[in-house]
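These notes are about the structure you will find just below.
Laboratory data are not the source of any read-out in this text; all were calculated from the coordinates shown. None of these values were measured; they are calculated from a predicted model. Backbone-built Cβ (ideal geometry, glycine too); neighbour counts: all protein chains shown.
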Amino acid sequence: MIFSAIIIDDEEFGRNALKSSLKMFCQSFEIIGEADGVYSGERLLQTCKPDVVFLDIRMKDGTGFDLLQLISNQDFSLVFTTAYDEYAIKAFKFSAVDYLLKPIDPESLIELEKKMVKSSHSYLTKQKEILLENKDELQIIGLHTFEGLSYFRVEELVRCEANSNYTSFHFTDKKVLVSKPLKEYEEILPENNFFRIHKSHLIQQKFIKKINKSNSTVEMYDGTILELARRRKDLFIDWMSHA
């Protein structure tokens, strides 16, 4: 199986290094084009239809996320390539097949190739559907659990609970534990729907049942009663009034 691919990176050295590694270690990728920024990348994607896009995040004229916002039809599998790992969680919003840190380890490329070759057509089609659905606002979130990457609908997320460097996601029908701190998810969940009422609690507005101002707690529809931090109380009341 051959996957047509393009590389979008503002550094020529980075593009050449990736091309050389793919040619040397991966036989399933055929490079059909390359671009050096957001707008040249947009023009390239208007003229060719790759199976895979290797996309840098920080570029001279913007970010890879800016490029994705410009594209109306994101019918490809997405692989982020960057030297900055703080973008990892945001990358999940755009349903990246993978996230490769520079300098890219050949073993990572080999694992990516294996993943794509083994992935069924239905899986890749689903991944593209998620990519399109999350274009304007996060609708589906990808969580790396101990069993692997799974996708969940944000509208069904009642609350998140911090536990050291772990985060528990409480959905309407299940609980999911992820080995990432709550702060990373707070940054990508829609701020008009989610509010961090306490260092340990991030909640979704539509699942709030009652606010107890007397003892500074919030009761959720699942019966959970959560502490409302004093320093967050006024901000929370104001947020609720505009929700």
Karplus 3J(HN,Hα) series, Hz, for segment 53-62 with 6.51 cos²θ - 1.76 cosθ + 1.60 (x for Gly, Pro): 10, 8, 10, 6, 9, 8, 10, 5, 9, x
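So for the chain: antiparallel DSSP bridges make up what percent, rounded to the nearest 5? Before the final figure, lay out the partial values.
On the way: 32 of 51 bridges.
DSSP beta bridges in the chain are roughly 65 percent antiparallel.
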Residues Asp234, Asp222, Asp9 arranged by fewest to most Cβ contacts within 10 Å: Asp234, Asp222, Asp9
0 to 90° range, to nearest 10: angle between helix 121-133 axis and the chain longest Cα axis: 60
For Glu30, residues with placed amide H under 5 Å, excluding near neighbours: Phe3, Ser4, Ala5
Taking the convex hull of Cα positions in the chain, its mean projected area over all directions (nm²): 14.3
Links that overshoot a 32 Å alpha carbon limit, given the list Lys60/Lys174; Lys60/Lys175; Lys90/Lys175: Lys60/Lys174; Lys60/Lys175
Helix 230-241 vs. the chain, principal-axis angle (Cα, 0 to 90°, nearest 10): 80
Share antiparallel - DSSP beta bridges, segment 3-133, percent rounded to 5: 10
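Report, in debye and to the nearest 20, how large the dipole of the chain comes out about its Cα centre when Lys and Arg carry +1 and Asp and Glu carry -1 on their Cβ. Write out the running numbers ahead of the final one.
Details: 32 positive and 38 negative charges, 194 e Å.
Here the chain has a charge dipole of around 940 debye.
Going by how many other beta carbons lie within 10 Å of each one, how would you line up Thr81, Thr47, Thr224, Thr172, fewest first?
Least crowded to most crowded, the residues run Thr47, Thr172, Thr224, Thr81.
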Residues with amide H under 5 Å from that of Lys180, placed H, sequence gap 5 or more: Thr167
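Tell me, Val178, Val53, Val117, Val79 in order of fewest to most beta-carbon neighbours within 10 Å? It would help to have the intermediate numbers written out before the result.
Working: Val178 20, Val53 27, Val117 11, Val79 23.
Result, fewest neighbours first: Val117, Val178, Val79, Val53.
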Cα-based helix-to-principal-axis angle, 106-118 vs the chain, degrees rounded to 10: 80
Distance in nm between pseudo-label sites at Lys210 and His242 (7 Å out along the Cβ direction from Cα): 2.8
